[in-house]
Amino acid sequence: MAAIGVSDNISELSGMGVELTGTSIMAVTFNGGVVVGADSRTTSGTYIASRISDKLEPIHSRIFCLRSGVSSHTQTLAKYVRHYLSQYAVNENSEYPEVGVAARLFQVMNYSNKDFLRASIIVAGWDPVQGPQVYEIPLGGSMVQVPFAISGSGSGYIYGYCDANWKPNMSENEAVDFVKNALSLAMSRDGSSGGISRYAVVRPDGVTRNYVSQNELPFRG
C-alpha cells in the first residue's frame, strides 16, 4: 500500500463519540456478479432519524461498501478508502481496480486503529481479474473473503436463514431473492432496522439499483 501513499493513522476519530446505529446489511456473489442490500432506517439511540437512508455506498464504479458500527468511524473510513482507491486506479491506469485492494485498504486502516475504531465493513464488487467477490472486515480489522456476508444489528436474526438457503453459483434472480428475503426477515425482527429494502446488482456491464417498498416486503413484522 505504500506505493499509493496510504496513511493508516486516522487519529482524528479517537475523540469522536461512540454512537452506534442499528442496521441490516448484506452482500452475496452469484455466477455473474454480486448483489448488495440494506435496510433504510437510520437511528440515533431510540430516535429514528430517517426512514429512507441509502446505505449502499459506492467506493468505485464496480465496488460497494456496506457499513455498521459507529457512524462517524465508518463514514471516515469509507472517505479515506475512496480517496486512496481512486489514487491507486490512476497510478495503475486501471478502469476497474481490484475489489481485494479496496478490502485490503479497509482492513489495514481498521486494524491499525483498532484500539478506538468501532467499524464493521462489507466490501463487495466485481473486477476483471477475479470476478465477483465479497469481503468481510469485522471489528478488530481481520479480513476474510466469503461467498456471502451479513452484518449489523439485524444480522443475528438471519444467520439460520442464510445458512439454509445460500447455495453456490446462484443465478442473478436467485441472489436477488436471497437478499430480499433475508433483509425482510431481519427488518421484521430487529427494532433498529426498517424502512424500505434497497439492493444493487453489480455486473461487468454496470450496476442496477432497485428497492422493495415496505408493503411489498416478503415478511413483515
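Readers should treat all values here as calculations from the given coordinates under stated rules, not as data from a laboratory. Just so it is clear, the model here is predicted, and its values are computed rather than measured. Using ideal geometry, Cβ is built from the backbone for each residue, glycine included, and neighbour counts are taken over all protein chains shown.
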Among the residues of segment 61-96, how many are under 23 Å from residue 199 (Cβ atoms) and not charged (D, E, K, R)? 15
Just give me the residues in segment 108-119 being in a helix (DSSP H, G or I) and either surrounded by 20 or more Cβ atoms within 10 Å (Cβ to Cβ) or touching a helix residue (DSSP H, G or I) at 6+ places or on another chain (Cβ under 9 Å) (or both), in sequence order. 109, 110
Hits in segment 42-66 - residues which are out of contact with any Ser or Thr (no Cβ under 6 Å at 6 or more places or on another chain), surrounded by 17 or more Cβ atoms within 10 Å (Cβ to Cβ) and not in a strand (DSSP E or B): 55, 56, 62
Looking at segment 67-96, which of the residues that are more than 18 Å from residue 108 (Cβ to Cβ) and of a type in the set (A, V, I, L, M) is surrounded by the fewest Cβ atoms within 10 Å (Cβ to Cβ)? 90
All positions within segment 83-98 that are out of contact with any Pro (no Cβ under 8 Å at 6 or more places or on another chain) and part of a helix (DSSP H, G or I): 83, 84, 86, 87, 90, 91
Within segment 120-161, which residues are hydroxyl-bearing (Ser, Thr, Tyr), over 16 Å from residue 29 (Cα atoms) and buried (at least 18 other Cβ atoms within 10 Å of the Cβ)? 120, 153, 155, 157
Residues (closer than 25 Å to residue 49 by Cα, touching a helix residue (DSSP H, G or I) at 6+ places or on another chain (Cβ under 8 Å), in contact (Cβ under 8 Å) with a residue 40 or more places away in the chain and outside any helix (DSSP H, G or I)) located in segment 167-216: 190, 193, 194, 195, 196, 197, 199
For segment 80-97, check the following and say yes or no: at least one residue is touching an Asp or Glu at 6+ places or on another chain (Cβ under 8 Å), under 21 Å from residue 200 (Cα atoms) and not acidic (Asp, Glu). yes
Kindly list, by first and then second residue, each pair from a residue in segment 59-79 that is closer than 15 Å to residue 126 by Cβ to a residue that is among the basic types (Lys, Arg), limited to pairs with Cβ atoms under 8 Å and residues at least 6 apart or on different chains. 59/82; 60/82
